[in-house]
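A short reminder: the numbers here are calculations on the coordinates, not readings from a lab. Note that the coordinates shown come from a computational prediction; the quantities given were computed from them, not determined experimentally. Cβ coordinates were reconstructed from backbone atoms using ideal geometry, including for glycine residues, and neighbour counts include every protein chain displayed.
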Number of protein chains: 4
Amino acid sequence: MATRRAFVTRVPTRAPDDVEGLERLFAQGSIRPGAVVAIFGKTEGNGLVNDWTRALAARALRDALARHAGPEAAAAACLVMSGGTEGGLSPHFTVFEVRDAEEPAEPGALAVGRAHSPDLAPEALGRSGQARMVAETVERAMRDAGIDDPRDVHFVQVKCPLLTPERIADARRRGAEPVTPDTLKSMGLSRAAASLGVALALGEVEAVADATIGRDPMVFSTRASASAGVELMGHEVVVLGRGRGWSGPLRVDHATMADALDVEPVRAALARLGLAAAGQLDPGQRRRLVALLAKAEASSDGRLRGLRHTMLGDSDLASTRHARGFLGGVLAGLVGHGELYVSGGAEHQGPDGGGPVAIIVEAQ
Amino acid sequence: MATRRAFVTRVPTRAPDDVEGLERLFAQGSIRPGAVVAIFGKTEGNGLVNDWTRALAARALRDALARHAGPEAAAAACLVMSGGTEGGLSPHFTVFEVRDAEEPAEPGALAVGRAHSPDLAPEALGRSGQARMVAETVERAMRDAGIDDPRDVHFVQVKCPLLTPERIADARRRGAEPVTPDTLKSMGLSRAAASLGVALALGEVEAVADATIGRDPMVFSTRASASAGVELMGHEVVVLGRGRGWSGPLRVDHATMADALDVEPVRAALARLGLAAAGQLDPGQRRRLVALLAKAEASSDGRLRGLRHTMLGDSDLASTRHARGFLGGVLAGLVGHGELYVSGGAEHQGPDGGGPVAIIVEAQ
Amino acid sequence: MATRRAFVTRVPTRAPDDVEGLERLFAQGSIRPGAVVAIFGKTEGNGLVNDWTRALAARALRDALARHAGPEAAAAACLVMSGGTEGGLSPHFTVFEVRDAEEPAEPGALAVGRAHSPDLAPEALGRSGQARMVAETVERAMRDAGIDDPRDVHFVQVKCPLLTPERIADARRRGAEPVTPDTLKSMGLSRAAASLGVALALGEVEAVADATIGRDPMVFSTRASASAGVELMGHEVVVLGRGRGWSGPLRVDHATMADALDVEPVRAALARLGLAAAGQLDPGQRRRLVALLAKAEASSDGRLRGLRHTMLGDSDLASTRHARGFLGGVLAGLVGHGELYVSGGAEHQGPDGGGPVAIIVEAQ
Amino acid sequence: MATRRAFVTRVPTRAPDDVEGLERLFAQGSIRPGAVVAIFGKTEGNGLVNDWTRALAARALRDALARHAGPEAAAAACLVMSGGTEGGLSPHFTVFEVRDAEEPAEPGALAVGRAHSPDLAPEALGRSGQARMVAETVERAMRDAGIDDPRDVHFVQVKCPLLTPERIADARRRGAEPVTPDTLKSMGLSRAAASLGVALALGEVEAVADATIGRDPMVFSTRASASAGVELMGHEVVVLGRGRGWSGPLRVDHATMADALDVEPVRAALARLGLAAAGQLDPGQRRRLVALLAKAEASSDGRLRGLRHTMLGDSDLASTRHARGFLGGVLAGLVGHGELYVSGGAEHQGPDGGGPVAIIVEAQ
């Protein structure tokens, strides 16, 4: 009986536009260009408004996919570039393939689904309309993955837009006022609305009001991950979970960190996936860890376990850069390497100051 | 029989010049102003050339000590302010007191010694003369602590100077050329020479050549920690170890991290001190952890465990800020809080990309 | 007949806490410590939330004044430290003295007045209550200067507070919500409310509504200059103008720049004060220029004379740092040196993207 | 008699990869894609090692030229992207075309020549071999422009490479040690060697020794402009001057600023080109100003006209960003807009702290 099988491959990069490693894997047959449905990239920009490494990486990837799989497949692939590899985090692409398989379906095998939304009007960004647009897109991605029960969803990545001075001016020319004139703040509000859209789709909330978005950190999704980028005005959604009709050895689970130091839920998730360890994963375990995806943010009360942090009052260095570097250290300390997808800005993505972590491993 | 007893107290701060917490502890009798021999501070600056939070904190602490213990005791105290509390690191002072005690000496009790060097000529900075000056000062600090055997030294903190445009011009007016005209680079070279001075005093190297300083990362001390600051031209040295004639429950040990992710030696040191844990220290253990002192740096080959890091090529954010935030995450993940003395710039302080960690605990 | 005479002296600094130059002028009798009513400082910090150079400079100046003029005079002096000396701007103090004189009053001689406000509650910051508090303080400073007609006021400097995470938490503990949880944004809102307070006192507006503050750039004062600093919760106001009973050769005038490149009003003001020049002031003219005080900001529409600027979308570098460096170049290009008081953040201080410029010269 | 005619067009951009404006001018026939020989771009990055806006812009421009003029013409065009539009500087492309013309040659008409060098070995960067390679390339570009006498050269733009951690590692694998392991410093040394190569070609110096490069600021070219970028390992050279066989109304001249405030030589050059003005150019004059190209840098002695600047001691903000914003203000103040090619890092490009300025105008 025909099934689908997900493949997940990490490819290190030497620069945002370095696709040589990817093309080498295409040439070796390790990755099939036509099977690529999504690429999550960590690029070495600041992860903020003027982070052009995301656009550069996306352009290089689109061009490479077009060369090897044709323009249509290239256009359909979800490219989610997340800027910021602070500290020991290492720039890389995580490539998701979906191939047809002959093996029987395995309960628990990794399922991958995706969907795109239409473009968002700049003035809808950060408001409930954006949340509803995302929720609808997540539902389509779940159907694509064959996931019926929201509890079987372990990670939802949303790439969402941000405001630029030009987009703000566009809206104003049409008489509409965007939610904020502050471009950096718009990134946070877009991630916030998108994440509540995920919560809506997963049944974690019943409705999303404008007043909740970016305001009430007690309302959140345990499985949303949103990245804002200047290179799009719509949304790209990728869902990871357990669905009908999938085969292969990959398994996914998730943890929710209550704060940036809450490592025990992550250790427990690793253990559930067969990677129990006192201290750091050993080299053998590390090889079986296929991907770790997490969101980082500074807690809004300026405290971490009662002690003052300085991330929010640092005018030289954005709090998202602080938070990625620090959480990168926390998580890399557990697993033993820095090729992790740690993405900044976790508004409504896990509890205030904490965040969701998804882990993909190869079962033995 | 009269002994000496070391007390070590962490005091959170709300700003670099916040000495209210300290003065409250003076008022409560928890800290005796006249017994304070050293204060290590983590302040919320960038830890680089223009980090004036160190000068501000030192000024506020000197004023507070002068008010409560007189100008002489204030002048004698070693104030080592290290800028940079990236990520979840938390600004605080660590206050070291030495009090006379009636208890019998305990083998293994924490010993604290200190010494000051004369001022260094700007042109001697980063050269072998600085290393010899520091070595001689470390030896005096060891004698002050009653430590005879260098193997009983677990941590040597050196506060060393840096070059400013004015100091460079001063040297040039006297016809002398400083080692570098680059002020940021001078911080690294000063830390480098100072650390090799520690290695010299501890017998880890036999001599220090100009050509080694800042160049050969294979030569290092396993117990040196150096911080450069604009506010002095001499050196302040504090030695922590086990010496003759000390009492009390505090114990110190150290670990050497081979790279920024090398957590197992730290876990082993914690275990030797009675704080063994799979995963993070539990709250009870955390309370017994009095201080953790560590050095952070980016590995000079641009790699961490074979994976590229971007700390050295980031022109927006100095590598020391990257490294502190990341190592801060690694270590805070182990112990469960961010009130750690993680200091940047680990030239010749542990292996390239790694560094020394000292841990002080209260024995049960 | 007894008059008062204002003296204005620029003192270069080698560091934020460098008062040696000032004390040398005290020793020489060039500046009389007891006559100092205000010092405006340009310090080399980032001019933003975590700019501790302002607190450091203020502390050093207060200590120096206390040593030379006693604690009471030191406490009464208005110390307005403005961080940020981007580009060729040069760190310095501008010292304002008011001395008793025997010369007859001269119409047009520089008059200096000052006043302090009480502390502001964090939740009043950025709201109309702050504007009213500032207006009342400006009126007291005008009376102090003997200025009856608001048209005789050429510059009003207000030092105003900002929010920190701690101050926000304080307000919330009392059940009050500050105007913003964003500390950087709070600086802008505080400057905004203070500047509208000046406009109120000078009759440039009739009332200030909450909704205008920080929102409507069409409402502004042509003579306000506000700097926010973490080191105070009240306001310090200094008024420069022409008043009754002043003598001496100093004269003041002002210009309003319509945008950051609007140099012709500045050239015209220089000409009115006797410093007409095609091109740059010549060295003789430059010596007669005693002080130039200006406000810089990025225009909120992202355009300068129709061309896009990138100051508002730069997440690595705050727009105020961009704007100070650029306007510093524009103005230093006119007058021939960079020892100018160019201060960032010109909310309601002159037109959007432009700002007020005050010039003090020594009449021939 | 057939001549060549240079066209120079400034095209504003909305993002580094925005070629819509350019393609609109292609469509209108205002710019002929096949005639484009060079594009100088100001992009909104930091202008430093990790400025990926240059690569992104170059990629977008190459793609656009290939679409409209074919891959060969696209490959031959010199694309010199200079990052950094601090303050009121405005991102734009300056497009240089060379078209065949029927008009008679006009003495003094703008001539444009170009040439490419082969790739440089990483270990040759910043050393005399690089200077000689550049000198030879400049000579070829002069021949291309029909310029026989170096005195007829008014501007030489060189795009040169920089070191990355990977390139350094490459060299070391071959047993060769690059001139510096510091990637940021490599940018300065590459610009230094390239600029001395220009001086060599123009007869301003007779030879270039390794020891001069980046060390002796008294040796310089008055007409070199060098920009380093990560996207190439060779050099691209464009020469502007007066040559044989050119027609059309464009004229070029240059000035040498002795320091960042030395505006009078620029005013004199404008006057020689028919744009004399007391104060700022008026709107009519401004329209005739086709391009202004300049280099900015912080003076190495930390002084500007005897007053301290803080550009070299600012660890948060690179001195090149400071210098561009400030000189941008000085020059934009003269001409009245910010669409200027002000490029950072002026090692051996004009006197220490000053730099070359080239001006292209349309003759009446």
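Taking Cβ atoms as reference points and 11 Å as the exclusive limit, the residues near C:Leu240 contribute a net charge of +2, counting Lys and Arg as +1 and Asp and Glu as -1.
For the pairs A:Lys295/D:Lys159; B:Lys42/D:Lys42; B:Lys295/D:Lys185; B:Lys42/C:Lys185, flag any whose C-alpha to C-alpha distance is greater than 32 Å.
A:Lys295/D:Lys159; B:Lys42/D:Lys42
Principal semi-axes of the equivalent ellipsoid, √(5λ) from the alpha carbon gyration tensor of the protein assembly as shown, are 46, 43, 33 Å from largest down.
Distances between copies of C:Arg173, taken at a point 7 Å out from Cα along the Cα→Cβ vector and listed shortest first: 5.0, 5.1, 5.9 nm.
Of the GluC sites (Glu not before Pro) found in the stretch C:198-269, those that fall in a DSSP loop while having at most 13 other beta-carbon atoms within 10 Å are C:Glu206. The phi-based Karplus calculation (6.51 cos²θ - 1.76 cosθ + 1.60; θ = phi - 60°) puts the 3J(HN,Hα) values of the stretch A:232-246 at 8, 10, x, 10, 10, 10, 10, 10, 10, x, 10, x, 6, x, 10 Hz, whole numbers, x for Gly and Pro. Each of D:Thr180 and A:Asp149 was given a label point 7 Å from its Cα along the Cα-to-Cβ line. The distance between the two points is 6.1 nm. Comment: the Cα-to-Cβ extended label point of A:Ala268, at 7 Å, lies 3.1, 7.2, 7.8 nm from its counterparts in the other copies, nearest first. If the label point is 7 Å along Cα→Cβ of C:Arg172, which residues in the stretch A:289-312 have backbone nitrogen under 18 Å from it? Inside the label zone: A:297-312. Answer rounded, prolate or oblate for the stretch C:2-104, using the Cα gyration tensor with square roots of eigenvalues a ≥ b ≥ c: rounded when a/c is under 1.5, else prolate when a/b is larger than b/c, else oblate. Taking the square roots of the gyration eigenvalues as a ≥ b ≥ c, the stretch C:2-104 is prolate. For the options C:Asp314, C:Asp18, C:Asp148, a Gaussian network treatment of chain C with springs between C-alpha atoms closer than 10 Å singles out C:Asp314 as fluctuating the most. Helix content alone sets the calculated 222 nm mean residue ellipticity of chain D: runs of n ≥ 4 DSSP H residues at -39500 (n - 2.57) each, divided across all residues, give -10000 deg cm²/dmol. Summarising the amide proton neighbourhood of A:Ala296: residues at separation of 5 or more, or on other chains, whose placed amide H is nearer than 5 Å comprise A:Ser343, A:Gly344, A:Gly345.
The mean number of Cβ atoms from other chains found within 10 Å of a Cβ in peptide D:296-306 is 4, as a whole number.
Basic side chains Lys and Arg get +1 at the Cβ, acidic Asp and Glu get -1 at the Cβ, and with that the dipole of the protein assembly as shown about its Cα centre reaches some 0 debye. Net charge dipole, the stretch B:99-205: roughly 700 debye, given to the nearest 20, about the Cα centre with Cβ charges of +1 for Lys and Arg and -1 for Asp and Glu.
If each Cα of the stretch A:1-47 is one equal point scatterer, what is log10 of I(q)/I(0) from the Debye formula at q = 0.17, 0.25, 0.27, 0.33 Å⁻¹? Computed log10 I(q)/I(0) values: -0.58, -1.04, -1.14, -1.39. Taking the DSSP bridge list for the protein assembly as shown and keeping only pairs wholly inside it, about 70 percent are antiparallel. Taking every pair of alpha-carbon atoms in the stretch B:283-364, give the share separated by more than 18 Å as a whole percent. Value for the stretch B:283-364: 44 percent of Cα pairs lie more than 18 Å apart.
When 1/r is averaged over all different Cα pairs and the result inverted, which Kirkwood radius in Å belongs to the stretch D:209-262?
Evaluated over the stretch D:209-262, this radius sits at 15.1 Å.
Under 5 Å from the amide H of C:Gly248 lie the amide H atoms of C:Glu106, each residue being 5 or more positions distant or on a separate chain, with H modelled from the backbone and absent for Pro and chain starts.
Residues whose amide H comes within less than 5 Å of that of B:Gly84, counting only those at least five positions distant or on another chain, are B:Thr43, B:Glu44, B:Gly45, B:Gly47 (H built at 1.01 Å from N in the peptide plane). Of all chain C C-beta atoms, the nearest to the rotation axis linking C with D is recorded, alongside its rounded Å distance, as C:Gly329, 1. Here the stretch C:249-362 is treated with +1 on each Lys and Arg Cβ and -1 on each Asp and Glu Cβ, and its dipole about the Cα centre works out to around 320 debye.
Loop-located GluC sites (Glu not before Pro) in the stretch D:32-115 (DSSP state other than H, G, I, E, B) with a sparse environment of at most 10 neighbouring Cβ atoms within 10 Å: D:Glu102.
The mean sequence separation of alpha-carbon pairs under 8 Å and at least six residues apart, normalised by the residue count of chain A, gives a relative contact order of 22 percent. Shape class of the stretch D:163-269 from the alpha-carbon gyration tensor: prolate, with a/c at 1.5 or above and a/b greater than b/c. Seen from D:Ala58, the other residues with C-beta closer than 11 Å to its C-beta sum to a net charge of -1, counting Lys and Arg as +1 and Asp and Glu as -1.
Ranked from shortest, the separations from the 7 Å Cα-to-Cβ label point of B:Glu136 to its equivalents in the other copies are 5.5, 6.4, 8.0 nm. Extension gain for the segment D:Arg14 to D:Ala209, taken as residue separation times 0.36 nm less the Cα-Cα distance, is 65.9 nm to one decimal.
In whole percents, the pair-distance distribution calculated for chain D from its alpha-carbon pairs, binned every 10 Å from zero, is 6, 26, 37, 24, 6, 1. When the charge dipole of chain D is built from unit charges on Cβ atoms (+1 for Lys and Arg, -1 for Asp and Glu) and taken about the Cα centre, the candidate among D:Ser227, D:Gly126, D:Ser82 whose Cα reaches farthest toward its positive end is D:Ser82.
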